[in-house]
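Student: Shown below is the structure under consideration.
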Amino acid sequence: MTETEFKISQTQPMKMHAVAVIFMLIASYFTYPYALAKLECDAALGLMNCFGKDPTIFVYVFALPCVYIAVVLAGLFAAKKEPHKEALAKNLKKTNIRYYMLAVFYCSMSTFMFFSVYLSEESMDTHQDKFQLAISVATILFIFFIANIAPKMNMSLFSGWACRWNLKSDLAWQRSQRFAGFTLTIVCVICLIIAFTMVNFAIPALIIGLGLNYIGVLIVSYSVYRTELVLKD
C-alpha cells in the first residue's frame, strides 16, 4: 500500500480522534471548577497553584485526555516507520473499529470523571462500589473486545500483540495471536467474576493477566520462530 493510500486510510480515524479529544477537553473544562471544590482549593489561586497544593487535580482534569493523545500519537509516529503494515486493506475495517472503541471508552471515562466530581461526597460514598464496579466491568469488556478482534487481523505492528519474532513469521503470528485471544478471554471472564465478588481486585487482576498474557505471547512467538529456523536449516 502506497504512502498516499496510507494517509487516506488514516483520515477517518483521525477525524474521530479529533472529536474524541475535543470532547474530553470540554469535559475537563467543566470538571475543573468542581475538582477544585472537591479538593478544597480556591479557584482564585489558579490551576497551577492548586496543582502544587494537590497534584491529584491533574488526574481529575488532564489525565484521560493526555493518555488518549499519547496513545494516538505513539501509534501515528510508529506507524510511519512501516505504513504498509499498518494500512493492510483487510485490516482497515477492524483497525478502525478498534479506534472507535478506544475513543468511546476514553470519552465514557471522561464523562464518568466529570460526574464523580459533580456529585457530593455523600453520594459518591454511598454508590462507590457501584461506580467502581461499572468502571471495572467497562474496562474488562473493552479488553475482551480487543482480545477477540486481534486474532482475526493480519500481521501488523498494531493489529494485535506484536513482538520482534511474530512479525517475522506468519505461523508465529497466527499461533501467538490465537494464544493471546484464548488466554485473554479466560482472564476477562475470571476478572468479571472477581469484579462482582471482590471489586477492588478486578483491575489489578486484569493488569496482572495482561502482563502474563504478553509474556506468553513472547514465549509462543519465540518458540515457533526458532522452530521454523531449525526446520529451514
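The values are calculated or read from the model by the stated rules, or taken from the named source; none is laboratory data. Here the structure is a predicted model, which is why all the values come from computation and not from measurement. Note that each Cβ is placed from the backbone with ideal geometry, even for glycine, and that neighbours are counted across all protein chains shown.
Student: What is the one condition in (1) of a type in the set (Gly, Ala, Ser); (2) in contact with a Ser or Thr (Cβ under 9 Å, 6 or more places away or on another chain); (3) at pLDDT 80 or above that residue 18 does not satisfy?
Tutor: Exception for residue 18: condition (2).
Student: Does at least one position in the range 97-113 carry a residue that is aliphatic (A, V, I, L, M), at pLDDT below 80, touching a Leu at 6+ places or on another chain (Cβ under 8 Å) and in a helix (DSSP H, G or I)?
Tutor: yes
Student: Ok, one more. Within the range 150-185, track down each residue that is assigned to a helix (DSSP H, G or I), modelled with pLDDT under 85 and closer than 19 Å to residue 207 by Cα.
Tutor: 150, the sole residue that qualifies.
Student: Checking residue 200 against (1) part of a helix (DSSP H, G or I); (2) surrounded by 14 or more Cβ atoms within 10 Å (Cβ to Cβ); (3) touching a residue at least 60 places away in the same chain (Cβ under 8 Å): exactly one of these is not met. Which one?
Tutor: Answer for residue 200: the failing condition is (2).
Student: Restricting attention to the range 124-132, does a residue exist that is closer than 21 Å to residue 28 by Cβ and either aliphatic (A, V, I, L, M) or at pLDDT below 70 (or both)?
Tutor: So far as the range 124-132 goes, yes, one or more of its residues are closer than 21 Å to residue 28 by Cβ and either aliphatic (A, V, I, L, M) or at pLDDT below 70 (or both).
This table checks each residue for (1) surrounded by fewer than 12 Cβ atoms within 10 Å (Cβ to Cβ); (2) at pLDDT 70 or above; (3) within 25 Å of residue 115 (Cβ to Cβ); (4) not aromatic (Phe, Trp, Tyr).
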position: 37; (1), (2), (3), (4): no, yes, yes, yes
position: 46; (1), (2), (3), (4): no, no, yes, yes
position: 60; (1), (2), (3), (4): no, no, yes, no
position: 65; (1), (2), (3), (4): no, yes, yes, yes
position: 82; (1), (2), (3), (4): no, no, no, yes
position: 87; (1), (2), (3), (4): no, no, no, yes
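Student: Being among the small types (Gly, Ala, Ser) and either modelled with pLDDT of 95 or more or under 15 Å from residue 146 (Cβ atoms) (or both) is the filter here, so list the residues in the range 206-233 that pass it.
Tutor: 209
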